[in-house]
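Encoded as structure tokens, the structure appears first; notes follow it.
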Amino acid sequence: MPQISAQQIVNAVLIDAPAPQSTALPSPTPSQLIGTVTSAEGGDIAGAQIILTGPALPSYSAVTDSDGFFKLPAIAPGTYTITITATGFSPWTHAGVVVQPGKDVDLPSIQLKIATVYTSVDALSQHEVAVEQLKVEEHQRVLGVIPNFFVTFEKNPAPLSTGQKYHLAWRTAIDPVTFGFTAIAAGVEQANNTFSGFGTGPAGYGKRFGAATGDTFSATFFGGAVYPSLFHQDPRYFYKGTGTIKKRAMYAIASAVLCKSDSGKWQPNYSFIAGNFTAAGLSNAYYPASNRGAGLTLTNAALATASASIGALFEEFLLARITTKHKP
């Protein structure tokens with residue numbers, strides 16, 4: 001019987017022994033993270049950059065689509081910090097995003113706030129702002145012809161200085177179109193023989209034209225400059241342009257008896273009312289003797305107040321649409 005060596009026995013044991021099993025740990029199951037980025041106003045933000053970082057872990061990135069949606073696939077388990085940036089918005093960061101093996105993370109909707117932009121500008125004084133706004137106002141004309149200077153279409157106009165109030169009144173009073181309307185009014189009075197004490201013919205027309213010019217100048221300056229300066233009130237009509245028709249109509253009608261002070265507060269329109277009575281009282285100095293007296297004063301003041309309310313209604317609903325507004 002052949003003999004078996006010790007080496008042969010060892011070799012046989014090694015060949016028949018089972019292979020050793022691997023002790024390597026299985027790889028963690030990856031997950032995905034999804035979410036949506038919107039603005040604080042509720043709009044979706046496209047193109048936002050998503051960065052997911054964690055200590056000793058790889059970083060992940062994505063970009064939101066047109067609906068503000070993003071997805072980060074195949075993320076290893078761990079604790080991350082997510083940072084979101086978008087043009088025009090303040091960056092958004094959140095730490096402690098936990099990703100567990102095999103479990104997707106659906107983040108709540110993320111809202112970005114509009115970034116605050118700080119610019120360095122030289123602040124203009126209220127007077128300088130008023131100067132610029134006045135340049136526009138003194139070139140406002142209905143249909144490009146009729147002066148419409150005592151109206152502001154600014155939402156928050158700067159208050160006028162005393163000099164600016166007088167300037168606006170002067171520009172209105174000496175405008176050729178103002179003289180043209182005065183001439184027409186005198187012609188109508190001549191045709192109807194109104195204020196018969198003025199007489200007829202060229203002399204009568206001249207007196208009527210002179211009286212109408214005096215009325216225009218005194219009403220414009222006392223109601224638009226003198227008293228507004230004394231009472232610190234703004235003589236302009238503040239165009240409303242919004243709200244129901246009823247509210248806008250009531251606003252326009254009330255403008256004859258209500259106005260804004262230079263500080264922006266609404267108060268009784270002492271300037272316009274006093275200006276009307278002053279102008280009407282002065283008319284007693286140059287109207288025919290038969291037409292002078294308290295009756296003339298009250299009539300002219302009442303007509304001026306009523307015409308102001310009617311004019312404001314036209315301003316609010318018609319003239320604003322056909323008034324040219326441009327700088328010189």
Revision key, fill the gap. Screening Ser229, Ser261 for residues that are over 26 Å from Asn291 (Cα atoms), in contact with a strand residue (DSSP E or B) (Cβ under 9 Å, 6 or more places away or on another chain) and polar (S, T, N, Q) leaves only Ser261
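Being over 24 Å from the mean Cα position of the chain (by Cα), open to solvent by 90 Å² or more (accessible area, probe 1.4 Å), at pLDDT 90 or above and of a type outside the set (A, V, I, L, M) narrows it down to one of Trp170, Trp92, so name that one.
Values: Trp92 fails: open to solvent by 90 Å² or more (accessible area, probe 1.4 Å).
Unique residue meeting the criteria: Trp170.
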Review point. For residues in the stretch 192-221 being β-branched (Val, Ile, Thr) and either without any contact (Cβ under 8 Å) to a residue 24 or more places away in the chain or in contact with a strand residue (DSSP E or B) (Cβ under 7 Å, 6 or more places away or on another chain) (or both), which is nearest to Ala169 (Cα to Cα)?
Key: Thr194
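For the stretch 49-78, which positions are of a type in the set (Phe, Trp, Tyr) and under 37 Å from the mean Cα position of the chain (by Cα)?
We begin by selecting, within the stretch 49-78, every residue of a type in the set (Phe, Trp, Tyr); these are 60, 69-70.
Correct list: Phe69, Phe70.
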Revision key, fill the gap. Of the conditions (1) in contact with a Phe, Trp or Tyr (Cβ under 8 Å, 6 or more places away or on another chain); (2) of a type outside the set (Lys, Arg); (3) surrounded by fewer than 17 Cβ atoms within 10 Å (Cβ to Cβ), the single one that Ile50 does not satisfy is (3)
Review point. For the stretch 49-109, list the strands (runs of 3 or more DSSP E) that sit wholly inside it and hold at least 3 residues that are polar (S, T, N, Q) and in contact with a strand residue (DSSP E or B) (Cβ under 9 Å, 6 or more places away or on another chain); which are they?
Key: 78-85
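Would you say Phe179 is under 46 Å from the mean Cα position of the chain (by Cα) and open to solvent by 50 Å² or more (accessible area, probe 1.4 Å)? Reasoning before the result, please.
Numbers: under 46 Å from the mean Cα position of the chain (by Cα): yes; open to solvent by 50 Å² or more (accessible area, probe 1.4 Å): yes.
Against the criterion (under 46 Å from the mean Cα position of the chain (by Cα) and open to solvent by 50 Å² or more (accessible area, probe 1.4 Å)), Phe179 qualifies.
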Practice item. Check Tyr270 against each of (1) within 19 Å of Thr213 (Cβ to Cβ); (2) in contact with a helix residue (DSSP H, G or I) (Cβ under 6 Å, 6 or more places away or on another chain); (3) open to solvent by 70 Å² or more (accessible area, probe 1.4 Å) and name the one condition it does not meet. Key: (1)
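Quick check, is Gly243 of a type in the set (Gly, Ala, Ser) and either surrounded by 13 or more Cβ atoms within 10 Å (Cβ to Cβ) or part of a loop (DSSP other than H, G, I, E, B) (or both)?
On the way: of a type in the set (Gly, Ala, Ser): yes; either surrounded by 13 or more Cβ atoms within 10 Å (Cβ to Cβ) or part of a loop (DSSP other than H, G, I, E, B) (or both): yes.
Yes; evaluated as a whole, the condition is true for this residue.
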Study note, to complete from the structure: If you go through Gly264, Gly281, the only one that is under 22 Å from the mean Cα position of the chain (by Cα), at pLDDT below 95 and open to solvent by less than 60 Å² (accessible area, probe 1.4 Å) is Gly264
Check your understanding: Between residues in the stretch 288-313 that are at pLDDT 85 or above and residues that are open to solvent by less than 70 Å² (accessible area, probe 1.4 Å) and of a type in the set (Ser, Thr, Tyr), which pairs lie under 7 Å by C-beta distance while being six or more apart or on different chains?
Key -> Ala312/Tyr237; Ala312/Ser255
Review point. Just one of the numbered conditions (1) in contact with a Ser or Thr (Cβ under 6 Å, 6 or more places away or on another chain); (2) at pLDDT 85 or above; (3) of a type in the set (Ser, Thr, Tyr) is not true of Ser66; which one?
Key: (1)
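The values are calculated or read from the model by the stated rules, or taken from the named source; none is laboratory data. Worth saying up front: this structure is predicted, and the values here are computed from it rather than measured. Note: ideal-geometry Cβ built from the backbone for every residue, glycine included; neighbour counts use all protein chains shown. For accessibility, only protein heavy atoms count, side chains too; no ligands or nucleic acids. Shrake-Rupley method; radii C 1.70, N 1.55, O 1.52, S 1.80 Å.
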